[in-house]
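Visitor: Here you go, one structure.
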């Protein structure tokens, strides 16, 4: 009968290996039959081999889930940093001080645009669209931070919002927006001080940015103070995770779709940079 060979270890080698935190049986121990050759291996050699094994082990360099999650959360400071500036959209746009007041009164020339778009529609989705043109509720209530800025150029106004939402609610809002050019292609707005107004909604293409996007051009025609008025507004939304940017751009004297497109591209880039943990730098004049 063959007698099983016992495994023996030099006490000096074993102590040295344990000191490195790694037990390398194959490096530091030998069978009784090979004891002579194992005995020639010094403790220092075993330690070096153990250290080499530790050093050669791959180490993950990925950020921890906590750090990654923290970087993706939009903070109040981050939302403000993600807002576009006049340099981002160029031309002769200037920033205004209190765009939050536009939902109550927005005088463009001799027309109070806020009053002009106030009215009733038979379809609730269409009603929500006109109600939210110049406030912060196009995508529903925010679940976190929200930042708002506004710009003016002659008879045009641009309202820009960055906000965070409940992800499921935001997904639902984006799906609803995508259906508006079909469900609200043309409807009548009644009531208010401006009589009946005809509203048309047409889909607008946007740059392929963000996780999801929807653009549309809203045209409202009617009378204000006895004069015919046509208000044309681009509405653009881009979703990035549980966050979104919203652009409302237009006025009573035509519209620059290029400005809307530029605001979308620059704004999405700024938001993504903030969510990655960075701080967007000012856009140099002449560069879009």
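Visitor: If residue 260 satisfies all but one of (1) within 27 Å of residue 108 (Cα to Cα); (2) assigned to a strand (DSSP E or B), what's the number of the condition it fails?
Guide: So the condition that residue 260 fails would be (2).
Visitor: Does residue 223 fit the bill of being closer than 15 Å to residue 117 by Cα, modelled with pLDDT under 95 and exposed (fewer than 15 other Cβ atoms within 10 Å of the Cβ)? Show your work before the answer.
Guide: Numbers: closer than 15 Å to residue 117 by Cα: yes; modelled with pLDDT under 95: yes; exposed (fewer than 15 other Cβ atoms within 10 Å of the Cβ): yes.
It is true that residue 223 is closer than 15 Å to residue 117 by Cα, modelled with pLDDT under 95 and exposed (fewer than 15 other Cβ atoms within 10 Å of the Cβ).
Yes or no, residue by residue, for (1) surrounded by fewer than 19 Cβ atoms within 10 Å (Cβ to Cβ); (2) within 26 Å of the chain's Cα centre (by Cα):
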residue	(1), (2)
141	yes, yes
144	yes, yes
164	no, yes
169	yes, yes
178	yes, yes
184	no, no
189	no, no
192	yes, no
204	yes, yes
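Visitor: If only one of 268, 259 is touching a helix residue (DSSP H, G or I) at 6+ places or on another chain (Cβ under 6 Å) and over 30 Å from residue 193 (Cα atoms), which one is it? Give the steps one after another, and end with the answer.
Guide: Values: 268 fails: touching a helix residue (DSSP H, G or I) at 6+ places or on another chain (Cβ under 6 Å).
Only one candidate qualifies: 259.
Okay, residues lined up against (1) within 14 Å of residue 153 (Cβ to Cβ); (2) in a strand (DSSP E or B):
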| residue | (1), (2) |
| --- | --- |
| 246 | no, yes |
| 253 | yes, no |
| 264 | no, no |
| 268 | no, no |
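Visitor: I've got another one for you. So which of 135, 131, 122 is more than 19 Å from the chain's Cα centre (by Cα), without any contact (Cβ under 8 Å) to a residue 24 or more places away in the chain and over 12 Å from residue 237 (Cα atoms)? Spell out how you get there, then give the answer.
Guide: Values: 135 fails: without any contact (Cβ under 8 Å) to a residue 24 or more places away in the chain; 122 fails: without any contact (Cβ under 8 Å) to a residue 24 or more places away in the chain.
Answer to the selection: 131.
Visitor: Residue 213 is checked against (1) in contact with a strand residue (DSSP E or B) (Cβ under 8 Å, 6 or more places away or on another chain); (2) part of a loop (DSSP other than H, G, I, E, B) and fails just one. What number does that condition carry?
Guide: Just one mismatch for residue 213, condition (2).
Visitor: Applying the selection to segment 172-195, what residues are assigned to a helix (DSSP H, G or I) and free of Cβ contacts under 8 Å to residues at least 40 places away in the same chain?
Guide: Here is the first cut: in segment 172-195, the ones assigned to a helix (DSSP H, G or I) are 172-183.
Those that are assigned to a helix (DSSP H, G or I) and free of Cβ contacts under 8 Å to residues at least 40 places away in the same chain: 172, 173, 175, 178, 181, 182.
Visitor: Answer yes or no as to whether residue 104 is at pLDDT below 95 and either surrounded by 15 or more Cβ atoms within 10 Å (Cβ to Cβ) or outside the structural domain of residue 210 (by TED's automatic domain parsing) (or both). Full working, then the answer.
Guide: Details: at pLDDT below 95: yes; either surrounded by 15 or more Cβ atoms within 10 Å (Cβ to Cβ) or outside the structural domain of residue 210 (by TED's automatic domain parsing) (or both): no.
Considered against the rule, which asks whether it is at pLDDT below 95 and either surrounded by 15 or more Cβ atoms within 10 Å (Cβ to Cβ) or outside the structural domain of residue 210 (by TED's automatic domain parsing) (or both), residue 104 comes out as no.
The values are calculated or read from the model by the stated rules, or taken from the named source; none is laboratory data. Please read these numbers as outputs of a predicted model, since none were measured by experiment. We place every Cβ from the backbone using ideal geometry, glycine too, and count neighbours over all the protein chains shown.
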